[in-house]
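Have a look at this one.
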Amino acid sequence: KYFKILEKLSDSDRVIKIIKYNLPYEFLPDNLTVQGSLYCYRNQLTKLPDNLTVNGDLICSNNQLTELPDNLTVNGSLNCSNNQLTELPDNLTVNGSLNCSNNQLTKLPDNLTVKGGLYCYSNQLPKNTKKPKGIKGEFKL
């Protein structure tokens, strides 16, 4: 019943209500497009839906995420700090800044696209990690 309602979900207010009432992540369907921003920080999320597109900002910090979904596109900024991420997906596109600080990242994908700054403080990245070619803004380890 709930899943059929959410298959056509494109209103971020409804998504926020799903998160606010602690419904499990499974209520967010794959191939979801959020027209505005999605704020799902300080929950206990372990996963986000595959093929997620957020046309505003995605704030998913302070969760228990171990990975970001394949084909994630964020047309604003992405804050995924304070999770348990060990890597970023190869096909991640962020049209704003990306804050992935305080995770367990050991490397960055070569084809990462970030049009703003990339902030990777307090990870396990080698000190000689080079700025990926797809980063347009500043790069901070």
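Of everything in the stretch 59-117, what is among the small types (Gly, Ala, Ser) and touching a Gly at 6+ places or on another chain (Cβ under 7 Å)? Give them in sequence order.
Result: GLY76, SER77, GLY96, SER97, GLY116, GLY117.
Would you confirm whether any residue within the stretch 132-141 is open to solvent by 10 Å² or more (accessible area, probe 1.4 Å), among the basic types (Lys, Arg), outside any loop (DSSP other than H, G, I, E, B) and at pLDDT below 95?
Yes: the stretch 132-141 contains one or more residues that are open to solvent by 10 Å² or more (accessible area, probe 1.4 Å), among the basic types (Lys, Arg), outside any loop (DSSP other than H, G, I, E, B) and at pLDDT below 95.
Follow-up. Looking at the structure I just gave you, is LEU105 within 22 Å of GLY56 (Cβ to Cβ) and open to solvent by less than 30 Å² (accessible area, probe 1.4 Å)?
no
What tally of residues in the stretch 32-59 results from selecting those that are open to solvent by less than 20 Å² (accessible area, probe 1.4 Å) and either outside any loop (DSSP other than H, G, I, E, B) or without any contact (Cβ under 8 Å) to a residue 12 or more places away in the chain (or both)?
The qualifying residues number 4.
Ok, one more. Has the stretch 60-78 got any residue that is touching a strand residue (DSSP E or B) at 6+ places or on another chain (Cβ under 9 Å), open to solvent by 60 Å² or more (accessible area, probe 1.4 Å), without any contact (Cβ under 8 Å) to a residue 60 or more places away in the chain and within 15 Å of LYS115 (Cβ to Cβ)?
Yes; the residues of the stretch 60-78 include at least one that is touching a strand residue (DSSP E or B) at 6+ places or on another chain (Cβ under 9 Å), open to solvent by 60 Å² or more (accessible area, probe 1.4 Å), without any contact (Cβ under 8 Å) to a residue 60 or more places away in the chain and within 15 Å of LYS115 (Cβ to Cβ).
If we scan the stretch 71-84, do we find a residue that is modelled with pLDDT under 95 and more than 20 Å from GLY36 (Cβ to Cβ)?
no
Restricting to the stretch 112-131, name every residue that is surrounded by 13 or more Cβ atoms within 10 Å (Cβ to Cβ), part of a loop (DSSP other than H, G, I, E, B) and polar (S, T, N, Q).
SER122, ASN123, THR129
Could you give me the residue pairs with C-beta distances under 7 Å whose first residue belongs to the stretch 110-135 and is at positive phi, whose second residue is in a loop (DSSP other than H, G, I, E, B) wherever it lies, and which are 6+ apart or on separate chains?
Listed pairs, sorted by first residue: SER122/SER101; SER122/ASN102.
Here is a further query. Scan the stretch 18-31 and tell me whether some residue there is open to solvent by 20 Å² or more (accessible area, probe 1.4 Å), within 25 Å of ASN111 (Cβ to Cβ) and at pLDDT below 95.
yes
Something else now. Among LYS107, LYS115, which is the only one that is over 25 Å from ARG42 (Cβ atoms) and in contact with an Asp or Glu (Cβ under 7 Å, 6 or more places away or on another chain)?
Testing whether each residue is over 25 Å from ARG42 (Cβ atoms) and in contact with an Asp or Glu (Cβ under 7 Å, 6 or more places away or on another chain) leaves just LYS107.
The values are calculated or read from the model by the stated rules, or taken from the named source; none is laboratory data. The structure presented is a predicted model; accordingly, all values stated were derived computationally and were not measured. Virtual Cβ from ideal backbone geometry, glycine too; neighbours counted across all protein chains shown. When the accessible area is computed, the model is the full protein with side chains, heavy atoms only, and any ligands, DNA or RNA have been set aside. Shrake-Rupley method; radii C 1.70, N 1.55, O 1.52, S 1.80 Å.
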